[in-house]
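The values are calculated or read from the model by the stated rules, or taken from the named source; none is laboratory data. Every value quoted in this text rests on a predicted model; they were computed, and no experiment measured them. Neighbour counts run over all protein chains shown; Cβ positions are idealised from the backbone, glycine included.
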Amino acid sequence: MTKAEKAKNLRYKKAIVSQLNFEEITSQLYDISSVCEEYQYYFSGDDDTLLNALDGDEEQEQEFKMMFSDLSYECDSLRDIVNDTYVSEHFDDFFVGIMLNGNSPFKCYGYDSFEEDYFALSSYDTKCASNESAKRLKRLTKDELLSVCGQCFGLAVSYLNVQYKYDYLKAAFDILKDQNTSYLQIVKDIEAAYDKADAKGWHEYSTEVRAFDKLVGSFDEYSKIWLE
């Protein structure tokens with residue numbers, strides 16, 4: 001048996017649950033924290049993009065900024081907890097052991113020491129991985145296992161909460177930013193069309209006036225109200 005074949009057969013020895021493993025969580029927390037910092041830097045500038053997108057509502061603007069600030073703090077605090085505890089030693093074993101028993105919607109990946117990467121495991125190897133993880137957890141004392149259980153669940157729940165808040169805030173901000181950008185483009189298009197029509201003395205049969213009327217007529221009701 002070659003080294004590659006042996007490594008493939010032993011992938012189940014070091015398994016993780018997809019989307020809920022220690023490495024991915026720590027990486028995601030770092031990314032979320034970095035993005036929050038970028039947004040906070042963006043908000044601290046003189047650009048009124050957010051304020052314009054919120055129709056000049058300064059109170060709502062401050063609330064939006066605070067939500068990103070709070071999320072950044074929550075994310076950093078969680079990263080500190082992760083770095084200060086020994087949960088990393090047992091996190092993956094814990095979830096592989098308890099979540100992959102029986103029929104589970106979660107996928108299991110095993111580490112290939114030859115390829116130096118994780119690969120999806122078959123149903124049989126997934127069961128082997130679950131048994132292997134459970135075997136390692138059984139070496140802990142009851143007190144240690146209870147501690148690990150609390151920390152692992154605590155980290156998972158806190159992470160999912162941060163992820164949910166981040167997805168919501170980012171989606172909301174992206175929509176506001178895109179909406180504001182669209183309206184700014186509308187203003188530019190109208191100004192250009194208006195200047196051309198004005199130069200023609202607003203003659204109703206001129207190409208420029210017709211183009212202006214067509215442009216305004218193409219807007220939805222919300223855009224027309226906003227323009228007025």
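Could you list, in sequence order, all residues of segment 61-96 that are surrounded by fewer than 18 Cβ atoms within 10 Å (Cβ to Cβ), assigned to a helix (DSSP H, G or I) and among the aromatic types (Phe, Trp, Tyr)? Matches in segment 61-96: Tyr73 only.
Would it be correct to say that Phe153 is under 17 Å from the mean Cα position of the chain (by Cα) and either modelled with pLDDT of 80 or more or surrounded by 14 or more Cβ atoms within 10 Å (Cβ to Cβ) (or both)?
Numbers: under 17 Å from the mean Cα position of the chain (by Cα): no; either modelled with pLDDT of 80 or more or surrounded by 14 or more Cβ atoms within 10 Å (Cβ to Cβ) (or both): yes.
No; evaluated as a whole, the condition is false for this residue.
Residues in segment 1-24 that are of a type in the set (A, V, I, L, M, F, W, C) and closer than 16 Å to Phe106 by Cα were compared, and the one that is surrounded by the fewest Cβ atoms within 10 Å (Cβ to Cβ) is Leu20.
Scanning segment 1-20 for residues that are part of a helix (DSSP H, G or I) and within 33 Å of the chain's Cα centre (by Cα) yields Lys8, Arg11, Tyr12, Lys13.
Among the candidates Asp143, Asp117, Asp112, the residue that is of a type outside the set (A, V, I, L, M) and surrounded by 15 or more Cβ atoms within 10 Å (Cβ to Cβ) is uniquely Asp112.
Quick check: is even one residue across segment 124-139 modelled with pLDDT of 90 or more, in a loop (DSSP other than H, G, I, E, B) and in contact with a strand residue (DSSP E or B) (Cβ under 8 Å, 6 or more places away or on another chain)? No, segment 124-139 contains no residue that is modelled with pLDDT of 90 or more, in a loop (DSSP other than H, G, I, E, B) and in contact with a strand residue (DSSP E or B) (Cβ under 8 Å, 6 or more places away or on another chain).
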